Amino acid sequence: MGPQPVRGKGGTGGEGPPARPVPDRPTVRRMDWIERVGNLRQWSRNGLRAPHKPLLLLYALGRFQREPDRALRYSEIEHDLKALLQDYGPPHRTSPSYPFHHLAGDGVWEVLTDRGTTSSGTGVRALRESGAQGRLVPELRSALSGDPALVGRLAQVLLEVHFPPSLHSDIASDVGLDLDVPDRAVRAAAAPGDRRRAADLRRRVLVAYEYRCAFCGFDGAIGRVPVGLEAAHVRWWAFQGADELSNALCLCSLHHKLLDKGVLGLDAGRRIIVSQEFVGRSTAARSHVLDLAGRALIGPQNGSAPVAPDNVNWHTAQVFRGAARVVGGI
């Protein structure tokens, strides 16, 4: 089966296919840049994650905010890109050389070497020795300089399309992006539907799990209003994750973040698993995380759909980090 497009985005193909024809770049308008960034060609098959290009582009936008005239030499940013892929990419490892080279096929990024030629390919050694440097294409740099709000909007598009909301602020911080740039006109046009969708799912999830975190039982409220409880997608919405109870859990803010970071997950029997890669020595780390290993979920109540096995399997393969801790182990 060949590469499939990410839901709702027109890009097809993977990190490596030949570049599609790019429209005459000088005529690209503000909304065209937003559409182009939202349609990055991203390898995808059966829900597998490949956020390599989005992470590189977010990194480039963050660097542009701080140093708009500076190109990014591969040998100097390789470590940063590798860390981003390790922290926010899928569990299997991928070289940062792939997005550095292939992003040029999407019309937003260019690569030159010390000889003035284009990228020497995806070989790490070749990129290092040729002095390969990447940067946003001139037309995009000009658009960003003329409209500072565009940086934030492009970043929001990348975050919303490829990552769950619980990770947005962490990723922005790690790539050095300041998202506090007003862009109310575009955001107001796009946000209402998403807000209604999220609010409806949260209401149903709260009822199904009786206003408690499914992992720890937290049920905090101010008056009659629950606080710190969220509807967490098991299979991320950007990867065909449905807004249904069979794909959702009611979790406190902490455990929602740990689920999306791959620290916590579920086994085939819907019992909680904890990654062996998580390290915590304090009493709080043990009681809030390590001691959850092997526990059954709290809920949902009878008559509500439990998390479907397919969604559990997707999370285990695409998000959960490494192997699960053995129950009773340290």
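Summing +1 for each Lys or Arg and -1 for each Asp or Glu among the other residues whose beta-carbon sits under 13 angstrom from that of E67 gives +4. For the stretch 87-138, the set of trypsin sites (Lys or Arg not before Pro) satisfying both a DSSP loop assignment and a count of at most 11 other C-beta atoms within 10 Å is given as R93, R115.
Considering the dipole of the stretch 25-182 built from charges on the beta carbon (Lys and Arg +1, Asp and Glu -1) around the Cα centre, which of A149, G123, L40 is farthest to its positive end? Looking along the dipole axis, the top candidate is G123. The charge dipole of the stretch 209-318, taken about its Cα centre with unit charges on the Cβ atoms of Lys, Arg (+1), Asp and Glu (-1) only, comes to about 320 debye. Summing Lys and Arg as +1 and Asp and Glu as -1 over all other residues whose Cβ lies under 12 Å from the Cβ of A293 gives a net charge of +2.
Look at T316, T118 and count the other Cβ atoms within 10 Å of each Cβ; fewest to most, that gives T118, T316. The length gained by stretching the chain between D87 and R70 to full extension, at 0.36 nm per residue less their Cα-Cα distance, is 3.6 nm.
Coordinate-derived values only; no laboratory data. Nothing here was measured: the structure is a model prediction, and the numbers come from that model. Virtual Cβ from ideal backbone geometry, glycine too; neighbours counted across all protein chains shown.
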